[in-house]
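A.B. asks: Can you read through this structure? Questions will come right after.
Values quoted throughout were computed directly from the atomic coordinates according to the rules given, and no laboratory measurement underlies them. Keep in mind that what you see is a predicted model, and the values were worked out from it rather than measured. Here Cβ is always computed from backbone atoms with ideal geometry, including for glycine, and neighbour counts include all displayed protein chains.
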2 protein chains.
Amino acid sequence: MLTKRQLLILKIIIDEFIDSAHPVGSRVISKKDGISLSAATIRNEMSDLEELGYLEKTHTSSGRIPSEKGYRYYVDHIIAPTIKSSNINIIKHVMQEGYFEVEQVVQKAAEVLSELTNYTAIILGPEIYDTKLKQIQLVPLSDHSAVSILVTDTGHVEHRSFSIPFDMKASDLEKMVNILNDRLAGVPILSLQEVIQDEVLHLMKRYVTDFERAYVYLSKVFSQDQPVKVYVGGKSNLLLQPEFRDVNKIHSFLSIMEDEQEIARLVQTSKEGIHVRIGQENDIDAIKDFSLITATYHVHGDQKGTIGLLGPTRMEYRKVITLLNAFSSEMTEALYLMYKDK
Amino acid sequence: MLTKRQLLILKIIIDEFIDSAHPVGSRVISKKDGISLSAATIRNEMSDLEELGYLEKTHTSSGRIPSEKGYRYYVDHIIAPTIKSSNINIIKHVMQEGYFEVEQVVQKAAEVLSELTNYTAIILGPEIYDTKLKQIQLVPLSDHSAVSILVTDTGHVEHRSFSIPFDMKASDLEKMVNILNDRLAGVPILSLQEVIQDEVLHLMKRYVTDFERAYVYLSKVFSQDQPVKVYVGGKSNLLLQPEFRDVNKIHSFLSIMEDEQEIARLVQTSKEGIHVRIGQENDIDAIKDFSLITATYHVHGDQKGTIGLLGPTRMEYRKVITLLNAFSSEMTEALYLMYKDK
DNA sequence: TGTTAGCACTCCTTACCCTTGAGTGCTAAT
DNA sequence: ATTAGCACTCAAGGGTAAGGAGTGCTAACA
């Protein structure tokens, strides 16, 4: 257990390092307001804190920088109790500007979030666990091609073009769509394939000539190729941080950011609420010297989305956590208003 | 007019510099195959070429690097005659893997193109000049909200959610959509607004109660917010080039790449075929020390798209032009096959 | 007249040394 | 328990010297 004084010194060092990115020396601390100790005393305390694993040195005679354990302690015990979900007006304002699409809200949130922090914002669109099919539409484009359109009860639209076998009758196609609409409306998106197999295929067999081949074409419509949508804001913002003086680091970082599904895996979490992952705590090697803070938001009660900020381990934890808290609830509210009568 | 020997030397210097990114000295050239001149002679020629504006020095006693005028000459007179649109098999293979969406073809092309060159690929989706409206659909989600869906004759789908005024009758809404479909099917997307104003509004006035307010809501559906779709592949690839040793350059480059509409403006051109823009020739300041090579491709004869590669002025012009030629025709063919019966 | 060898000169790059300053750890005094 | 003092360490920056790549010019040569 740390003494009150060690705690204070640890806090000062981390705050200072977060601000300046330079190792913090004993003299700087001794001059701080609220500190009436000499540099020598501070040095002793710092030496103890290093032995306990909360601080590190970059070389023998350098000042101290926080270790990951230090950051962890800082997040869990020093700032956590002081954070309150502040309802910043700007955010409320931005989030409720009368958008009509989830996409817009989420994209805007990512941009604003990144701008406010200079870190990279990553937002996962609402998951589709609980969305249900509202309607299937089929728009013929020509004799041999058509677009199929799926609409969910949340207003999300998926579409896909496909070819129609040469000898297939238009009337059969129509029958298929009718059957599908009749049977599939209200079915959760994730169960579509299953319900089709169990309940719809035998019906189609009865009414539709040559249905097997037709189904091969239609089934493409139901294959989800993109499980979650990923929105990223301010990739280049993060590169302003002094941590990126090294060009190789920039490149490896950007390579990761090009793979959306990798990003999704990175951010995804089962936990509710705020989740802080510091350095090595991250699952993916490539960002083991970054910190990632995520929060969840909700649409319509059941659908969950994730909103996160990726920055250097030397991150403004307090600010980011406060912001994420605010965004999480504002987004939930904005999306609730959008769907309140659906 | 350059002598044959000057031409040869200019070509060697540019080829060498493209390859190594280092200034080229007279000795290196004198040792090349096909050169039986001493370094001193080469030096005289180089001096002349510099005076003519085709070469530059980085400092008084350095080797030569090509000037932009040099690159321009190289592109126009040295390599241009030797380029033939090679039908590389890999490209054909990649481009015709049985995609069903334009999006997929274009996105894939951007990725492959960047991978083959280590430059950044930028592709503008087919322009909508000539696409026509196929159908408008309205899917009600609840009493007070609905999704409207526009399908074009090329299978492109646009959609938008909107709220329904509380006191509006469902039957009125249906009437509106019927009128719209009846009158707008086959109308070019770009003329939609106009045709609505001229031909549709007075019809609606007759049949639909309180149509003015309804129209306010519906009109949102017809506003194009994204004129062209932009696909980018391999942003980070380009950063591997030695030109990016300077971190500031990286940052300014990435900032540009975040603004899709800026990119679109950058790449857009009215010219058909291959178009090479070297350094200062580019419209936008931010990339005045890059080169941009673009080619056009076609969908369905009339729609035009642009496909481009952005790299350092020290670009592998020959390779890129050959590749773009090949991709341009392969994409045109792949997209033609997709739509041949529409 | 075109080509070439030779040489002095320029400038970049790298290595090395030296100095400076920030910071530590330890000891002894308070 | 705290602090002043001091020796020590290391990074960063400036200055200089050596090495090397390359040029331009001159004079000789074919």
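A.B. asks: Taking the Cα atoms of the stretch B:1-146, report the difference between the largest and smallest coordinate on each principal axis, in whole Å and largest first.
C.D. replies: Cα spread of the stretch B:1-146 along its principal axes, largest to smallest: 85, 35, 27 Å.
A.B. asks: Can you compute the charge dipole magnitude of the stretch B:133-222 about its Cα centre, using +1 on each Lys and Arg Cβ and -1 on each Asp and Glu Cβ, nothing else charged? Give it in debye, rounded to the nearest 20.
C.D. replies: It comes to approximately 40 debye.
A.B. asks: What is the Cα convex hull volume of the stretch A:251-342 when expressed per residue in Å³?
C.D. replies: Cα convex hull per residue, to the nearest whole number: 101 Å³.
A.B. asks: Determine Rg/Rh for chain A; Rg is computed over alpha-carbon atoms and Rh is the Kirkwood hydrodynamic estimate from the same atoms.
C.D. replies: Using Cα coordinates only, the ratio equals 1.14.
A.B. asks: Can you flag which of B:LYS11/B:LYS288; B:LYS11/B:LYS319; A:LYS134/B:LYS205; A:LYS69/A:LYS288; B:LYS132/B:LYS304 are past 20 Å Cα-Cα?
C.D. replies: Violating the 20 Å limit, Cα to Cα: B:LYS11/B:LYS288; A:LYS134/B:LYS205.
A.B. asks: If each of A:VAL247 and B:GLN280 carries a label point 7 Å out from its Cα toward its Cβ, how far apart are those two points in nm?
C.D. replies: 2.6 nm
A.B. asks: Ignoring everything except DSSP H segments at least 4 long, calculate the 222 nm mean residue ellipticity for the protein assembly as shown; use -39,500 (n - 2.57) per segment, divide by total residues, nearest 500.
C.D. replies: When only DSSP H runs of four or more count, the value is -13000 deg cm²/dmol.
A.B. asks: Still on this structure: If you look at just the Cα atoms of the stretch B:13-58, how large are its Rg and its Dmax in Å?
C.D. replies: In Å, with Rg to one decimal and Dmax whole: 10.4, 27.
A.B. asks: Note the per residue figure in Å³ for the convex hull of the C-alpha positions in the protein assembly as shown.
C.D. replies: Considering the Cα atoms of the protein assembly as shown, their hull volume per residue is 204 Å³.
A.B. asks: What's the longest bit of chain A with no exposed GluC sites (Glu not before Pro), using DSSP loop states and at most 11 other Cβ atoms within 10 Å as the test?
C.D. replies: Longest gap between qualifying sites, sites excluded: A:98-271.
A.B. asks: Still on this structure, please answer the following. Mind pulling up the Rg/Rh value for the stretch B:76-203? Radius of gyration and Kirkwood radius, both on Cα.
C.D. replies: Rounded to two decimals, Rg over Rh is 1.18.
A.B. asks: Trypsin sites (Lys or Arg not before Pro) within the stretch B:64-168: which are DSSP loop residues with at most 13 other Cβ atoms inside 10 Å?
C.D. replies: Those satisfying the criteria are B:LYS84.
A.B. asks: For the protein assembly as shown, with only Lys/Arg (+1) and Asp/Glu (-1) charged at the beta-carbon, what is the dipole magnitude about the Cα centre, in debye rounded to 20?
C.D. replies: The calculated dipole for the protein assembly as shown is roughly 1420 debye.
A.B. asks: Mind grabbing the base-10 log of I(q)/I(0) for the stretch A:133-222 at q = 0.17 Å⁻¹? Debye formula, identical points on the C-alpha positions, no solvent, two decimal places.
C.D. replies: Debye output, listed in q order: -0.67.
A.B. asks: Could you give the angle, 0 to 90 degrees to the nearest 10, between helix B:247-257's Cα long axis and the longest principal axis of the Cα atoms of chain B?
C.D. replies: The two axes meet at around 30 degrees.
A.B. asks: Now, a different point. So for the stretch A:4-81, what are the equivalent ellipsoid semi-axes in whole Å, largest first, each being the square root of 5 times an eigenvalue of the Cα gyration tensor?
C.D. replies: Ellipsoid half-lengths, sorted descending, are 17, 15, 12 Å.
A.B. asks: A further question on this structure: Run the quick spin-label model on B:HIS59 and A:LEU201: label points 7 Å from Cα toward the beta carbon, then report their separation in nm to one decimal.
C.D. replies: Spacing of the two 7 Å Cα→Cβ label points: 7.5 nm.
A.B. asks: Compute the acute angle (0 to 90°) between the alpha-carbon long axis of helix A:39-51 and the principal axis of greatest extent of the alpha-carbon atoms of chain A; round to the nearest 10°.
C.D. replies: For A:39-51 against chain A, the angle is about 40 degrees.
A.B. asks: Would you work out the charge dipole size for the stretch A:4-81 about its Cα centre, treating the Cβ of every Lys and Arg as +1 and the Cβ of every Asp and Glu as -1, and quote it to the nearest 20 debye?
C.D. replies: 200 debye
A.B. asks: Sequence gap at least 6, Cα distance under 8 Å: using those rules, report the relative contact order of chain A to the nearest whole percent.
C.D. replies: 20 percent
A.B. asks: To continue, here is another question. Against the longest principal axis of chain A, how steep is helix A:170-184, in degrees 0 to 90 to the nearest 10, with axes from Cα atoms?
C.D. replies: For A:170-184 against chain A, the angle is about 50 degrees.
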